[in-house]
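Step one of this worksheet: look at the structure below.
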Amino acid sequence: MKITGEMLIGGAARAGRDGAIKAFDPTAGQPMEPVFGGATREDLEEACALAKAAFDTYRHTSLEARAAFLEAIADNILEVGDALVERCMAESGLPRARLEGERGRTVHQLRMFAGVVRDGGFLEARIDPAQPDRTPAPRVDLRLRNVALGPVAVFGASNFPLAFSVAGGDTASALAAGCPVVAKAHSAHPGTSEIVGRAVQKAVRSAGLPDGVFSLLFDSGLAIGQALVADPRIKAVGFTGSRRGGQALIAIAQAREEPIPVYAEMSSINPVILFPSALAERAEAIGKAFAASLTLGAGQFCTNPGLVLAVEGEGLDRFAAAAAAAISEASAAAMLTPGIHAAYCAGVSTLEDHPQVTTVARGRPGDLFQGQAGLFSTTAEAFTANPELQHEVFGASSLVVRAPDLEGLRALIAALEGQLTVALHVADGDHDQVRPFLPLLERKAGRILFNGFGTGVEVGHAMVHGGPFPATSDGRSTSVGSLAIMRFLRPVCYQDMPKGLLPAELGDANPLAIPRRIDGRLELPA
Ligand SMILES: NC(=O)C1=CN([C@@H]2O[C@H](COP(=O)(O)OP(=O)(O)OC[C@H]3O[C@@H](n4cnc5c(N)ncnc54)[C@H](O)[C@@H]3O)[C@@H](O)[C@H]2O)C=CC1
Ligand SMILES: O=C(O)CCC(=O)C(=O)O
């Protein structure tokens, strides 16, 4: 497929005129053709106007038509074939197997949301029938369903150029909810973004939907992304990236005349907590598995295990020795962009140079923009006294913190910021000690997992990829899994609506065969 460097504004494709963006191959250390033109204010204006114009028609498409549209996007992405994977490999430095897997996850995600739409449960239809004879006062007829919020701005993530980008989880869940999407491509993978954007545009066209259901903009700086969030026609934002970037967009959204929600996934160090019996039974195996999770994809996962907490002792020493042995054998791997590589090197230097931090192991050195893994260690006292040691180092770096005892371990956890994941390694003999930690951990993280690591999020119905700030800007939601659709919906109640005006979801009959709550009782379609 020829990559033209054009952005997609509704059904049109045209070259932006505000500055130039080129992809960069971090493995070859070379910029890549073609040039992508940055969007102008006029381009943004047109994309938002089209999205607004498309909104009412799109959100009123039948559940079946919307589901088929999501499936068509998935089919179109696969139809591009290897050209997508090859471009993505060059732009990201990520290996083929990872990107083939990520493409599978992206397609699965779109198809899962097609199933969610067909099921209709996301509408949360509720009917409280009128009770005209109720005393002392009659009850009105109340019917509720969720409706789409409006056009959504999606900021693609650098580290998941497919599954968290142009047709990733935010776009899939917004489209499933009935919201048009204006995507802002990440400049680290513009070619991948164009290919995927064209797959979405083609699906819009073949489904006969209004053009404005989807647009894709490139930004040669930050101004277009900022103007997108500020645009009054945009009603919500999905973002995955840095804490600083997420917070900048949240500030813009809050300062609008009409503030809007920003669902930003930002910063998490994903503590791994090792309990004594687990260490006694299998410290070496845990250390080896930890090193594999840490170095996966050059550590460029927001679920990367950046912190290890345990009570000091022989078990923890065995864990650290096994992890160090595996990490020192780990090859350096290309990082996504020179900027991300530079930020990683700076973060690692801060740890290496810190007087209260010891270097446990470094991976094999690399060249160009390759990240060299690192494992560091400190005491509970030093960790508590130096808040900068809690900062995310995005890449394959982790810090082991040695607590004096279980009370000390508890105090360390209590002082942590919000997290996407917390991973507990436990054996049967630990259960009584683990139980009292659970309420604290629920306050800290969106996902609590056992005897594993958080990297590699399963896309399903019970997944939570979220968590208290700064893991995300709104810990009540998830950006992965079917529950992600709820971010882009709001409930509307219809009181005493004439039967002839009721939407099909809320009539007395249930022709769409969706689950509904009648007078509080869930009724499932036969
Ligand atoms: N926790 C996580 O999931 C991730 C964290 N990161 C962190 O972010 C750093 C930079 O990586 P990026 O992916 O480029 O993240 P980033 O936050 O710098 O950029 C993400 C997107 O937001 C836009 N953006 C950022 N700041 C903005 C602003 N002030 N105004 C308007 N638009 C803005 C960018 O143009 C880009 O499209 C990494 O070194 C790492 O520390 C990166 C990827 C994922
Ligand atoms: O671990 C994963 O599969 C997803 C991680 C993620 O959301 C991210 O790195 O942005």
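The values are calculated or read from the model by the stated rules, or taken from the named source; none is laboratory data. What you see is a predicted model; the values in this text were computed from it and never measured. Neighbour counts run over all protein chains shown; Cβ positions are idealised from the backbone, glycine included. Accessible surface is based on the protein model in full, side chains and every heavy atom, while ligands, DNA and RNA are left aside. Shrake-Rupley method; radii C 1.70, N 1.55, O 1.52, S 1.80 Å.
Annotations for the structure displayed:
- Gained length - ALA223 relative to ARG96, 0.36 nm times residue gap less alpha-carbon distance: 42.4 nm
- Counting 0.36 nm for each residue step from ASP508 to LEU522 and taking away their Cα separation leaves a gain of 3.6 nm.
- The long axis of helix 276-295 is offset from the longest Cα principal axis of the chain by roughly 70 degrees.
- Accessible area per residue, Å², segment 271-450 with all protein chains present, probe 1.4 Å: 39 Å²
- In the chain, lysine pairs closer than 24 Å at Cα, eight or more apart or cross-chain: 9
- Local electrostatic count, VAL480, Cβ distance below 13 Å [Lys/Arg +1, Asp/Glu -1]: -1
- Mean separation of Cα contacts under 8 Å (6+ apart) over length of the chain, as relative contact order %: 17 percent
- Here the accessible area is traced with a 1.4 Å probe on the protein chains. For the chain, carbon and sulfur cover 55 percent of it.
- In nm, spacing of pseudo-spin labels at GLU442 and ALA321 (7 Å Cα→C-beta vector): 4.0 nm
- Treating r as the C-beta distance of ALA462 and LEU406 and R0 as 30 Å, the FRET efficiency rounds to 0.50.
- Between ASP75 and GLU33, the FRET efficiency estimated from the beta carbon spacing at R0 = 22 angstrom works out to 0.20.
- Remark: the LEU449-LYS202 segment gains 85.0 nm on full extension, using 0.36 nm per residue and subtracting the alpha carbon distance.
- At most 14 other Cβ within 10 Å, DSSP loop - GluC sites (Glu not before Pro), segment 448-526: GLU458
- Cα centre as origin, Lys/Arg/Asp/Glu Cβ charges: segment 278-322 dipole, Debye: 200 debye
- Heavy-atom accessible area, probed at 1.4 angstrom with all protein chains present, ranks ARG198, ARG521 as ARG521, ARG198, highest first.
- Note on segment 271-450: the alpha carbon radius of gyration divided by the globular reference 2.2 N^0.38 Å gives 0.97.
- If you look at the Cα atoms of the chain, you get an Rg and a Dmax of 24.6, 80 Å.
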